[in-house]
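The values are calculated or read from the model by the stated rules, or taken from the named source; none is laboratory data. Bear in mind the structure is a predicted one, so any value in this text is a computation, not a measurement. No Cβ is skipped: glycine too gets one built from the backbone with ideal geometry, and neighbour counts run over all protein chains shown. Surface areas here come from the heavy atoms of the whole protein model, side chains and all, with no ligands, DNA or RNA. Shrake-Rupley method; radii C 1.70, N 1.55, O 1.52, S 1.80 Å.
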Amino acid sequence: GTPSDLSPAHSGVLQYVFKSECTFANSIDRVRFVERHFYNRQQLMHFDSDVGHYVGHTLYGEIQARNRNNLPEKLEHKQAVVDRCRHKYEILEQFLMNRRGPSPSQSPP
C-alpha cells in the first residue's frame, strides 16, 4: 500500500471536529459568532452569524448545510449564541480589566 502522511498511531482514525468562536470589535458593539465543522482536517461547512445561515464547502457539507438551514429553530439558536458571546465578554472584561499589573516602567519596591 501507499504510505500514509499520518503517523502509524493515527492511520485509520476518522476525526470530526467543530470549532466555534466569538469575535468582538469595539467592545460589544460588533459581535460575531462563527462555528466551523471539519472532517479529517477538511472544512465541511460553517455557520456565520453575520450571514445568518450555514454554508457548505464540500458536497456533503452543502447537503448538511441545506438540512440545517431548513430548521428555523436551529438557525434561531445559532443567532442567539451572539447574545451569549456578548454576555461572556461583559463578564470577562470586568475580570480582566481589574487584573492589570504594574506598567513596565514601574519597578517593584
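Tell me, what is the Rg over Rh of the stretch 16-95, with Rh the Kirkwood radius over Cα pairs? Provide the component values of the computation, followed by the final result.
Values: Rg = 13.7 Å, Rh = 13.3 Å.
Taking Rg over the Kirkwood Rh, I get 1.03.
Explain nothing, just the number: dipole magnitude of the stretch 9-54 about its Cα centre with +1 on each Lys and Arg Cβ and -1 on each Asp and Glu Cβ, in debye rounded to the nearest 20.
Dipole about the Cα centre, nearest 20: 180 debye.
So how far apart, in nm, are the two label points at V55 and Q94 if each is 7 Å from Cα heading toward Cβ?
Going from the V55 label point to the Q94 one covers 3.6 nm.
Compute the distance in nm between two label points, each set 7 Å from the Cα along the Cα-to-Cβ direction, one at H77 and one at E62.
With each label placed 7 Å out from Cα toward Cβ, I get 2.6 nm.
Measure off, as a whole percent, the carbon and sulfur share of the 1.4 Å-probe accessible area of the stretch 16-95, all protein chains present.
Heavy-atom surface of the stretch 16-95 belonging to carbon and sulfur, 1.4 Å probe: 52 percent.
So, counting K/R as plus one and D/E as minus one, what does the shell of residues with Cβ under 9 Å around K78 add up to?
Result for the local shell: 0.
Which of L44, Q94, H77 sits farthest toward the positive end of the charge dipole of the stretch 16-95, with +1 on the Cβ of Lys and Arg and -1 on the Cβ of Asp and Glu?
Of the candidates, L44 comes out farthest on the positive side.
Provide the per residue accessible area, probe 1.4 Å, for the stretch 16-95, rounded to a whole number of square angstrom.
66
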